[in-house]
1. Cβ-Cβ distance below 7 Å, separation of 6 or more or different chains: which pairs start in segment 105-119 with a residue that is closer than 16 Å to Glu38 by Cβ and end on one that is part of a helix (DSSP H, G or I) and of a type outside the set (A, V, I, L, M, F, W, C)?
2. Scanning for something touching a Gly at 6+ places or on another chain (Cβ under 7 Å), closer than 18 Å to Leu362 by Cα and not in a strand (DSSP E or B), does segment 7-23 turn up at least one residue?
3. Output the number of the condition that Asp39 fails; it satisfies all remaining conditions of (1) over 23 Å from Lys378 (Cα atoms); (2) acidic (Asp, Glu); (3) assigned to a helix (DSSP H, G or I).
4. Hey, among Ile34, Ile48, which residue is within 16 Å of the ligand (Cβ to nearest atom) and buried (at least 16 other Cβ atoms within 10 Å of the Cβ)?
5. Considering every residue within segment 122-145, establish whether at least one is closer than 19 Å to Ala348 by Cα, of a type in the set (D, E, K, R) and buried (at least 16 other Cβ atoms within 10 Å of the Cβ).
6. If the Cβ limit is 7 Å and pairs must be 6+ apart or interchain, which residue in segment 328-353 that is assigned to a helix (DSSP H, G or I) pairs with which residue that is more than 16 Å from the ligand (Cβ to nearest atom) and charged (D, E, K, R)?
7. If only one of Pro372, Pro312, Pro293 is over 22 Å from Trp253 (Cα atoms) and without any contact (Cβ under 8 Å) to a residue 24 or more places away in the chain, which one is it?
8. Among (1) away from the ligand (no atom under 15 Å from the Cβ); (2) over 12 Å from the mean Cα position of the chain (by Cα), where does Pro316 come up short?
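Throughout, read-outs are computed from the coordinates displayed, never taken from laboratory work. Nothing here was measured: the structure is a model prediction, and the numbers come from that model. Every residue, glycine as well, gets a Cβ built from its backbone with ideal geometry; the counts of neighbours run over all protein chains shown.
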Amino acid sequence: MKLIIDAGKKEGYISPEIYGHFSEHLGRGIYEGIYVGEDSEVPNVDGIRKDVLDALKEIEVPVLRWPGGCFADEYHWKDGIGPKEQRKKMVNTNWGGVTEDNSFGTHEFMRLCELLGCKAYINGNLGTGTAREMSEWVEYMTGTGSSPMTELRRQNGREEPWKVDFFAVGNESWGCGGNMRAPYYADLYRHYQTFLRNYDPEHPIKKICVGPGTPEIKWTEEVLKACFEDAPANAHGFMDYITIHHYVVPDTWSHKGSATAYPEELWYKSLNKARFMETIIQRNENVLNKYDPEGKIALCVDEWGGWYDVEPGTNPGFLYQQSTIRDALIASLTFDIFHRHCKRVRMANIAQMVNVLQSVLLTEGSEMVKTPTFYLFKMYKNHQGGEVLANYLTDVETEGFGEEKEDAIPVISASASEKDGVITVTITNCSLTKEETLEVSLLNTGAGNVINATILSADSIHDFNDFRKEEKVTEKPFSAYQVKEGSLSVTLPAHSVVLLRLK
Ligand code: AHR
C-alpha cells in the first residue's frame, strides 16, 4: 500500500474551527465537568475547573458552541445573568428533568472562552424565544453605545462588549427545536436573523442556519430555496453557515451498544458509520453548489461523534459514556473527511467537550481523565490552519468482519497538510487485528527530516483511560519508520494513529 503526498498541490485551507467543541447544559457537561463554582474545593479560576482548563489549552480549542443543543431552544438568557442567588431556576426538560440553577450563564461562558482563548459560538433560542429576546441577547453581549441592554450588562459588571463570532438561529428545528417543516423554519430564520445586529463593523457576527437531521437533502434543498427566494443576490441566503449533525450509533438508536464492551463485529460497522459523514457532506455540498457556487456559505458540522448506551448505573438523561481507541479512530476518519472537504466544511464541533457523549475529558469529583479522543485532538491540532496537500492512496486493501465482509472499509486513512514550512502527516490503520506497512512518497518538497513522530495505539480495541489508573491509551513516541530518498516506510500496529511531522 502506498500513500503519495504531493506538496506541490495545495487543496485548500484547514479552518482551525473544524477542531471546535460543543458544550450543552446536559448532565455533568457544564456543572461538575467545567463549572464547579468559586467556592468549590476543586481548584478553579472564577468557578471554572483548573485541571479542565489546563487540559483544554493543550489541544488549542478554537471555538466553543453553547448553551445547546436541544437545551438552547428552551434557554432564556436573561435567567442566567445578574446576582446568582437571584437567578431563576428552571427544569431541564430535555436532559433528565433536573433543576438548572442558571449559575453558569452568559458572563461565565464568555469568561470560559476568554480563558481558553477561543471564539464564542452562541446558539439562540428560536423554539420558545422571541425575535426580541434573541436580538437583545446580541445587543447585551456586543452592543457598544448606551442602550437598555448595554446598561444592563454594565450593571452586571461587564463594561466592554464581548466578541461573538457565531450565532445560530435555533437547533434541530426539524426535531427538538420545534418539529418545524423546512419552509416554515426558513421563514422564521429569515425573520429572526434580521434582528441579529452587528454592533462592531470590524467583527460581524457570522449567522448559522439549521441544516438537515437526516442523510436526505430535502431539508437543505427546501431551506436554501426559501432563503434565496426574492432575496438580494448579495444576501447569500442571509447566512454564513448551514449545519449538519451526524452521530455514529454503532447498532440502533434503541440499542446503541456499549461504549467499551462492544463485540468485534461492531468495529467496522462503527467506522463505516463515521465514514458516512463524507456522503452526507457531499450531498449537502451538491445543493450548496447550486445556490451558492461561489462557496460563500460554509458547512458547520456542529454535532458529531460516537453515541452509545450510557455507562451502567448513570442517569440515562445525562449521556455519560466512556471512550476507547474506537472513538479516537472515529475522530481521525472524521477529520480526514473534513480536510478533504475543507473548502466547504469550515467549522465543526464535537459532541461534547466534557462528560457527555464523545468527550475529550471526563471528570469524577476532583479527578479528571483524558480520553483517547483528547490525544487524537492533540495530535491533529498540527493540521489547524494548514494547507491541505493532495494525497492519494494506491493499492489499498480493504478489511471487514467475518466471512461476508459486508462492512469492509479501506484499511488506511490519511491526511497531509503544510504550515510554516512543516508538513504534518497523520495516518490511521483501521484494522482490527493486522499491522500494516505503508510506503509514503513525498513529491515536490525538500522536506525529508522527521522532526516529530508519535503514535496513539492500544493493546485491545476495548482499552480506555480510567480514573485513578495508569493511562492505557495515550500519545507515545513513534519510531517504526524508515526514511529513504523522498519516501518513508511506516509500520502501523492494528487500530492505531500515527503523526509524522517533516521539515
Ligand atoms: O448532543 C446531544 C443532543 O443531540 C443535542 O442536544 C441535540 O441537538 C442532538 O439531538
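1. Here the result reads Gly105/Gly80, each pair linking segment 105-119 to a residue that is part of a helix (DSSP H, G or I) and of a type outside the set (A, V, I, L, M, F, W, C).
2. Yes, some residue in segment 7-23 is touching a Gly at 6+ places or on another chain (Cβ under 7 Å), closer than 18 Å to Leu362 by Cα and not in a strand (DSSP E or B).
3. Result: Asp39 fails condition (3) only.
4. Ile34
5. no
6. Leu333/Arg275; Ile337/Glu278
7. Going through Pro372, Pro312, Pro293 in turn, the sole match is Pro293.
8. Among (1) away from the ligand (no atom under 15 Å from the Cβ); (2) over 12 Å from the mean Cα position of the chain (by Cα), the lone unmet condition for Pro316 is (1).
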